[in-house]
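The values are calculated or read from the model by the stated rules, or taken from the named source; none is laboratory data. Since this is a predicted model, take the numbers as computed values, not measurements. Reconstructed Cβ throughout: ideal geometry from the backbone, glycine too, with neighbour counts over all protein chains shown.
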Ligand code: SF4
Ligand code: SF4
């Protein structure tokens, strides 16, 4: 105890200063966590039928940590569910109508409504688990598809157990059409839907299309009804309120809520109130708090309201106070797990906002609201949500860069995520071409893109790209090339102890011991990579088709362009741009492994293929010389070494070309490539066999597009140059280039660099850091996450977690509380940090 | 990437060989003009390969690690080639001007954004006058900012061959008092002070004016803008 207080002095953990009493109270209250009286804890709701269920595990297949708990969670929601009185015609309706009605009923009539002291925004509880609303027949059919012998759960588990990665039909991860919803108000959306429906023929009205539109019409009235209930509450509270200024605020909130979000907002307060309700109801509709339900370019579409209110005399500070309240609301998404605490990295939800960035002619679009939002984040930090992602480009003004560098230097590893426009736009344009949708994404509009979740680039308001749905371990193809298509290690179930027989899972590519040249090995790798990509698309199809049949989200569909036009739910491919992303995991480990095979076996002949395979099967035990050579002598990606980076590009081209070949069969969604590894590089390191780059089983894999841990010995510029080259580099000649940039990953790629705080030690150094960022715009990737952390402080935080409760670190786009992530991940963060230099 | 060797973001080339041997030297491995073998204990896995391959029997392995007998070592680098874990490093690598140039311009984007560039440091870069001259000329022709770090002990040809292609000379004057200079560095400073005066004159000639930018510590560093 005494030791900890002495150390506390040494490392100052940032706490917000100078908050208004209102915000200080709300923030402190929030951080009381489980001891709060009020919370947004998830509640469960049922139709009351014996076959009813709420939990949709398909959404969580991408979270391997939940596999073991799946049945428990499923049962606990079932058991705790309260029954909703159904409309007498309920069971005669189509599924989208049932779901829309049921959710509206819960949100408007059943869920308690409260406004916290001082809060300027209404919309408290939204974490709900609602009935699947299935008939007995539907529920039986679904049960078989999910729980059957070759059902989705069994197939998902097999895929993950054998080291291929994971896949799931996950919710969120898109940017709803907020701008349009603000411009039209729900009244306008409702009107449009009704007109569409009325224009259908009688036959169409009876078809699925008719049912879908009716469901969406029901959903489109939910925001109005909910706002009306909150308006009543505000008035009641105002009647009881003694304090004059608060009374006025409540009266005003009541007025606002009786207009918006049904009517189009006029003032800034109205716009932010609308945005909050519109956003929060997406999370209710999907029964999942905030997984990458992102806001897009908030500083752009809210700016007209901001300008209007400022012109009409709104105090800028009051505008910021409204935003601060909005920020507090976004954080209550975490209340879904309020009793279990911060569950490691999965505690990050990713309600992302995009700031600044370029316009149609490459001009910079940052404005006063951009700065106001940055100030709010700065003042409230450390806090998790919503996370900002600042778009940088060649014309980013110095003023903005100064603010960004300022915030980074004081961030203690907290919220810094930057997106790079030129490289990102090049990827979006490539997507338009490769997906054959140049009418929807092209040179003229690609600048409107925004990132989702962490850094996953998509278009806005008409795009669902399933950006976290498929996570593929490219390294598995190296393993299969070394074994001729079989697992290298036998899988033994850690719980049952049952061993799976080793089978010929992949194509038989022959005994690698007989390969005379590296190219023969490469051909085997190529065939296995093709197999992996096909395998994950087939697996996804299984999940996607179940979701399409049983889990419509009619409210969300109202906010995604294409759904109303086609009369098709967003879960059935209704979005104009309907894609599914494969995120490649283990990229650098894969590239380095191939480089090591080439170097050790073919170029330098330091060992035979047989010796290498034996060493891998032995997990490098008793092969320490060979392992040391693999680790230290073989070339590595991430050092700006052209030979290694050419291999990186070769690997990149192969798997991305394969990805573009597939679409989901049930919903017609085109697969597209990206690189985000969430936390899989840590967990899957225990599953995947030892790799030729010298990594033993149990050690972490590489993260997203980052070089392998410890490989970037030439510093951050070399590291960044390699990343840019792996994405395609630069060329004016290629038809796929935009402003000279190439980008093979339209989704973008997560790149993290950790710096020691000394990089910011003086004004001159900060200038150099700014220049580094400008250089990154030219040479680097699509997205960069910067951690400024002192390894000593983190070691101290491991020893004295109680002193560092609010210390945030960023891990692949997720800000997580350092003390809440697992020990291994903590060690990884420290290891990354300790070797980095500049 | 360096943020410490001159303006902006820079790449620093360390040249082998130095006429001085300062007590405080940060880069002692750069004093000798010959390649030198170094052992990094943290990387060593104790495999003994190096001991076996050394043709001059200069290495031995014990509980405390690898010992190098400098009297026997010929700096051939064979051990470092065979060391599986890069624990033995041969410092000093032969580079051709063209190849080094290619390596150095990789960070061009960062130089341009930061008004940075290349710094030749050491050791004492001016000892390899012709090589450094050709390198700087090539870099300057590409519009890259060039700097040379020197201890001041160089001969006349350096002016035309190197300084004429440099944007900045970082003149590292160790000590004003010659006696102390000899004590600390192993050699007096008469030539160095003389060179400094001539350097100033050279600049005057070049620009018609003298620009001096002190780093605050007169005895350690003069910065002269050419
Ligand atoms: S450099 Fe050559 S001589 Fe010196 S220790 Fe190594 S192998 Fe032996
Ligand atoms: S060869 Fe390298 S790793 Fe092996 S004992 Fe010598 S220095 Fe150590």
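Assorted remarks:
- Filter result (outside any helix (DSSP H, G or I) and surrounded by 19 or more Cβ atoms within 10 Å (Cβ to Cβ)) within the stretch A:73-92: A:81, A:84
- Selection status of residue B:84, within 13 Å of ligand 2 (Cβ to nearest atom), within 14 Å of another protein chain (Cβ to nearest Cβ) and part of a loop (DSSP other than H, G, I, E, B): yes
- Verdict on residue A:644 being under 28 Å from the mean Cα position of the chain (by Cα), at negative phi and away from ligand 2 (no atom under 16 Å from the Cβ): no
- From the options B:68, B:9, B:37, residue that is surrounded by 16 or more Cβ atoms within 10 Å (Cβ to Cβ), closer than 30 Å to residue B:173 by Cα and within 11 Å of ligand 2 (Cβ to nearest atom): B:37
- Residue within the stretch B:88-96 that is within 30 Å of residue B:3 (Cα to Cα), away from ligand 2 (no atom under 16 Å from the Cβ) and in contact (Cβ under 8 Å) with a residue 24 or more places away in the chain present: yes
- Those residues of the stretch B:49-64 which are surrounded by 14 or more Cβ atoms within 10 Å (Cβ to Cβ) and more than 8 Å from ligand 1 (Cβ to nearest atom), in sequence order: B:49, B:51, B:60, B:61
- Meets criteria (on the phi < 0 side of the Ramachandran plot and out of contact with any helix residue (DSSP H, G or I) (no Cβ under 8 Å at 6 or more places or on another chain)) for residue B:104: no
- Residue in the stretch A:579-592 that is assigned to a helix (DSSP H, G or I) and under 23 Å from residue A:94 (Cα atoms) present: no
- Check on residue A:107, part of a helix (DSSP H, G or I) and crowded, with 23+ Cβ neighbours inside 10 Å: yes
- Selection status of residue A:725, part of a helix (DSSP H, G or I), crowded, with 20+ Cβ neighbours inside 10 Å, touching a helix residue (DSSP H, G or I) at 6+ places or on another chain (Cβ under 8 Å) and at pLDDT 90 or above: yes
- One residue from A:248, A:263 being without any contact (Cβ under 8 Å) to a residue 40 or more places away in the chain and either out of contact with any strand residue (DSSP E or B) (no Cβ under 9 Å at 6 or more places or on another chain) or not in a loop (DSSP other than H, G, I, E, B) (or both): A:248
- Any chance residue A:601 is within 34 Å of the chain's Cα centre (by Cα), farther than 30 Å from residue A:197 by Cβ and assigned to a helix (DSSP H, G or I): no
- Residue B:50 being more than 12 Å from chain A (Cβ to nearest Cβ), free of Cβ contacts under 8 Å to residues at least 60 places away in the same chain, part of a helix (DSSP H, G or I) and near ligand 2 (Cβ under 9 Å from one of its atoms): no
- Candidates B:133, B:152, B:143, filtered to the one that is crowded, with 17+ Cβ neighbours inside 10 Å, outside any helix (DSSP H, G or I) and away from chain A (no Cβ under 13 Å): B:152
- Inspection of the stretch B:82-97 identifies at least one residue that is within 9 Å of ligand 1 (Cβ to nearest atom), in contact with a strand residue (DSSP E or B) (Cβ under 6 Å, 6 or more places away or on another chain) and under 21 Å from residue B:120 (Cβ atoms).
- Test: residue in the stretch A:602-624 that is away from chain B (no Cβ under 14 Å), under 30 Å from residue A:170 (Cα atoms) and buried (at least 22 other Cβ atoms within 10 Å of the Cβ): no
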